[in-house]
Amino acid sequence: LTPFEFQREISLADNIVTLSYRLTNIGREPEEYVWTIHPLLTLEEGDRMELPAAVTEFRINGGSSAPELSFGATWKYPAPFENFRLDHLQLGANIDACVKGFTHPLPPAPATAAIANDRTGDRLEFQWNAAENDTLGIWLTRGGLKGWHHVALEPTNGAPDSLSQACTDWKRHGLLAPGETKRWRLRLAVGKP
């Protein structure tokens with residue numbers, strides 16, 4: 001059983017979905033935690049990814065059919081290898097590649113990341129406070145996992161996905177004292193610029 005009480009509220013106003021979260025440690029001991037969101041977005045022709053300017057590399061957590069996929073390897077952003085353009089959601093010539101990685105901690109300020117489509121003009125922008133969640137996870141698959149083509153932008157408070165690895169290997173996680181509560185918010189702005 002978990003010693004956490006978790007609450008999420010969702011609201012919509014002016015094409016912005018706001019997700020408000022509250023996490024309370026109701027136990028008697030300090031508790032480590034990692035929170036993330038994993039919104040899988042199906043890729044369309046013309047899609048591209050926009051990340052905070054502070055993002056210059058990723059630390060890899062896994063994947064398939066791509067070079068340097070060892071746990072903890074570092075990829076430069078946006079072009080880690082020839083024919084790889086992460087900002088254009090391209091993983092080279094591999095027809096079944098996928099990759100999961102995390103940014104280094106972002107500066108403690110408002111942050112944005114987006115999937116934009118130059119062909120249609122559509123845009124989905126993620127807005128959050130990096131003082132609350134200082135990491136961005138990226139999941140990208142181009143034909144991997146049964147032919148899917150999708151991306152997930154994942155604001156998070158730690159890395160990697162495994163809590164035990166976040167606590168022991170990467171040392172990037174949250175910690176709540178007994179009775180302590182953390183609050184954070186994520187906004188999803190939908191529309192055309």
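Worth a mention:
- Tally, over segment 45-64, of residues that are farther than 20 Å from Gln127 by Cα and either open to solvent by less than 30 Å² (accessible area, probe 1.4 Å) or touching a Leu at 6+ places or on another chain (Cβ under 8 Å) (or both): 3
- Within segment 178-190, residues that are in a strand (DSSP E or B) reach partners that are exposed (fewer than 13 other Cβ atoms within 10 Å of the Cβ) with beta carbons closer than 6 Å, at six or more positions or on different chains, in the pairs Val190/Asn15.
- When residues in segment 166-193 are screened for being among the hydrophobic types (A, V, I, L, M, F, W, C), open to solvent by 20 Å² or more (accessible area, probe 1.4 Å) and within 14 Å of the chain's Cα centre (by Cα), 1 of them pass.
- Of the residues making up segment 43-53, those that are touching a strand residue (DSSP E or B) at 6+ places or on another chain (Cβ under 8 Å) and within 18 Å of Thr103 (Cα to Cα) are Arg48, Met49, Glu50, Leu51, Pro52.
- Qualifying residue in segment 96-112 (condition: farther than 29 Å from Tyr33 by Cα, touching a residue at least 24 places away in the same chain (Cβ under 8 Å), touching a helix residue (DSSP H, G or I) at 6+ places or on another chain (Cβ under 8 Å) and not aromatic (Phe, Trp, Tyr)): yes
- Sub-8 Å Cβ pairs linking a first residue in segment 21-41 that is farther than 16 Å from Asp134 by Cα to a second residue that is open to solvent by less than 40 Å² (accessible area, probe 1.4 Å) and among the polar types (S, T, N, Q), at least 6 apart or interchain, are Glu31/Asn25, ordered by first then second residue.
- Segment 128-165, residues that are open to solvent by 50 Å² or more (accessible area, probe 1.4 Å) and touching a strand residue (DSSP E or B) at 6+ places or on another chain (Cβ under 7 Å): Asn129, Glu132, Arg142, Leu145, Trp148, His149, Asp161, Leu163
- Any hit, segment 12-26, residues being open to solvent by 60 Å² or more (accessible area, probe 1.4 Å), out of contact with any strand residue (DSSP E or B) (no Cβ under 8 Å at 6 or more places or on another chain) and assigned to a loop (DSSP other than H, G, I, E, B): yes
The values are calculated or read from the model by the stated rules, or taken from the named source; none is laboratory data. Given the structure is predicted, the values throughout are model-derived calculations rather than measurements. For neighbour counting, all protein chains shown are included, and Cβ atoms are generated from backbone atoms with ideal geometry for every residue, glycine included. Note: accessible area is taken over every heavy atom of the protein model, side chains too, but ligands, DNA and RNA are not part of it. Shrake-Rupley method; radii C 1.70, N 1.55, O 1.52, S 1.80 Å.
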